[in-house]
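Report on the structure given below.
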Amino acid sequence: MKLVVDTNIVFSAVLNSNSRIARILIGGRKHFTFYSCAFLHTELLKHRTKLRKLTKLSDADLDEVIAKVTGNIMFINEASLSAKLILATEQSMAGNDLKDVPFVALAKNRKAKLWTGDRSLAKGLSVSHPNLVVSTLDLLVRLQKYEA
């Protein structure tokens, strides 16, 4: 299954590298293909100080956790997505945070599911893009079936 991972999923895994989310990202590469926008790197750098404070990790340990959590993610430059796709996605997401447009557009481009922890985004997309969003619980159930 192809998955586009948004920023809040990666942040959650960094904040708790023993969580279910981290387990899927780190251990799910045999069963899932993970994608994300290159913009995620910028977000990790922008919020690095906050992540370090919340995790109470040294710089080196935080780097190690980030590398482990993002190691199975294929990063795609959102500038490579067509302007037509971006515009259509923007229009269909009226009322949602525009920072999420590249992730939704990437999911559509890759014919993938969007894995997000943003409940308001998931709710908004359930109308405009039914069946696009997948939950952490759904992924855990799939992972358990694969591993059984």
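The values are calculated or read from the model by the stated rules, or taken from the named source; none is laboratory data. All values reported here derive from a predicted model rather than from experimental measurement. Cβ atoms come from the backbone with ideal geometry, glycine included; neighbour counts cover every protein chain shown.
For the range 132-146, indicate whether the set of residues that are in a helix (DSSP H, G or I), without any contact (Cβ under 8 Å) to a residue 60 or more places away in the chain, of a type in the set (Asp, Glu) and under 22 Å from residue 22 (Cα atoms) is non-empty.
yes
Can you pull out every residue in the range 77-86 that is loosely packed, with under 13 Cβ neighbours inside 10 Å, in a helix (DSSP H, G or I) and of a type outside the set (Gly, Ala, Ser)?
Once the filter is applied, which keeps residues that are loosely packed, with under 13 Cβ neighbours inside 10 Å, in a helix (DSSP H, G or I) and of a type outside the set (Gly, Ala, Ser), the range 77-86 yields only 84.
How many residues does the range 124-143 contain that are surrounded by fewer than 16 Cβ atoms within 10 Å (Cβ to Cβ) and at negative phi?
Selection size over the range 124-143: 9.
May I ask you to list the residues in the range 17-76 that are of a type in the set (Gly, Ala, Ser) and part of a loop (DSSP other than H, G, I, E, B)?
Residues satisfying the conditions are 17, 19, 28, 38, 58, 71.
Give the range 92-123 a look and list any residue that's crowded, with 19+ Cβ neighbours inside 10 Å and more than 17 Å from the chain's Cα centre (by Cα), or say none.
93
Among the residues of the range 94-108, are any without any contact (Cβ under 8 Å) to a residue 12 or more places away in the chain, touching a Ser or Thr at 6+ places or on another chain (Cβ under 9 Å) and small (Gly, Ala, Ser)?
yes
Does the range 99-110 include one or more residues that are in contact with a strand residue (DSSP E or B) (Cβ under 9 Å, 6 or more places away or on another chain), assigned to a strand (DSSP E or B), modelled with pLDDT of 90 or more and within 23 Å of residue 43 (Cα to Cα)?
no
Which pairs do you get when a residue that is at pLDDT 95 or above, found in the range 46-71, comes within reach of a residue that is surrounded by 15 or more Cβ atoms within 10 Å (Cβ to Cβ) and assigned to a loop (DSSP other than H, G, I, E, B), reach meaning Cβ atoms under 6 angstrom, with the pair 6+ apart or on two chains?
These pairs meet every condition: 65/17.
Go through (1) of a type outside the set (Phe, Trp, Tyr); (2) crowded, with 19+ Cβ neighbours inside 10 Å; (3) in a loop (DSSP other than H, G, I, E, B) for residue 89 and report which single condition fails.
Residue 89 satisfies every listed condition except (3).
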